[in-house]
Amino acid sequence: MAEAAAVAAESPAGGRARAARAVLDQVVLPGEELLLPEQEDADGPGSAGERPLRLNAGARARVRVVCGPGLRRCGDRLLVTKCGRLRHKEPGGGGGGGSGVYWVDSQQKRYVPVKGDHVIGIVTAKSGDIFKVDVGGSEPASLSYLAFEGATKRNRPNVQVGDLIYGQFVVANKDMEPEMVCIDSCGRANGMGVIGQDGLLFKVTLGLIRKLLAPDCEILQEVGKLYPLEIVFGMNGRIWVKAKTIQQTLILANILEACEHMTADQRKQIFSRLAES
């Protein structure tokens, strides 16, 4: 039985699969297979083991796992698709047992559209009733003129080539062109639409965007104490910021770009100097 389990734990690439909990916050490589702990072991207490995630295991497999960026379900396997550190977040209900969200945190700049992501795009062309929007992916996204709050055939939105658009993806997969909208499920803009003409747009890594959008992020709280500002984050690595003056806007942009490689103490020193000046 032990030999059979050892053979089953071998990954298709020839290397031994590793337990997901054992490699949390460690570097994983593309092609690796991750093993998730069983929530309920049919062999009884004291003999709980680990096996590859099976999507068709029936009532026995009660572990519900959501794959984030860097992970992919291929049949009944959970594979790593990019290099980075493995992260895990427990479900809101506190289910435990290995369930929750797993993703790979990496410092990449190339964005791959994901359904539901809120992004900042640049209108590059207008083709009939469709706008072409550059979102930083491999191809532009399409945006219908009806995908705005209150838009009708007679009341068209005022969108020009070169405008900045903040919206979300409703279609995003490898076989279809990405499609954006600027309304939520209730037909409301909810902050989406054309971004103002003023302000500064700059690009950062995707890892920094996820860090800034974390609920416990202290960077935004410290930045908000410096100057009054307006800021928009796109999951595609783009940030739009606007302050009262151009000088303040440039200072805020430089701080956000540099925060990725700063420690907490270094950030405090920078913010204290700016507050004094």
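In this structure the stretch 200-256 gives 48 Å² per residue of accessible area when probed at 1.4 Å with all protein chains present. Which lysines, on any chain, are close to Lys132 with Cα under 28 Å apart, when same-chain ones fewer than 8 places away are left out? The qualifying lysines are Lys109, Lys115, Lys153, Lys174, Lys203, Lys242. Just the protein heavy atoms count here, and of the accessible area of the stretch 107-170 at 1.4 Å, carbon and sulfur take up 49 percent.
Would you mind getting me the FRET efficiency between Thr152 and Lys268? Use the beta-carbon distance for r and R0 = 45 Å, nearest 0.05.
Numbers: r = 52 Å, r/R0 = 1.15.
That gives a FRET efficiency of 0.30.
Multiplying the residue separation of Asn254 and Leu229 by 0.36 nm and subtracting their alpha-carbon distance yields 7.6 nm.
A convex hull fitted to the Cα coordinates of the stretch 230-277 yields 79 cubic angstrom per residue. When every Cα-Cα distance of the stretch 94-219 is counted in 5 angstrom steps from zero, the calculated P(r) takes the values 2, 9, 18, 20, 20, 14, 8, 5, 3, 1, 0 percent.
The values are calculated or read from the model by the stated rules, or taken from the named source; none is laboratory data. Bear in mind that the values here come from a model prediction, so they are computed numbers and not experimental data. A quick note on method: Cβ atoms are made from the backbone with ideal geometry, for glycine too, and the neighbour counts reach across all protein chains shown. Ligands, DNA and RNA are stripped out before the accessible areas are found, and what is left, the full protein with its side chains, is counted by its heavy atoms. Shrake-Rupley method; radii C 1.70, N 1.55, O 1.52, S 1.80 Å.
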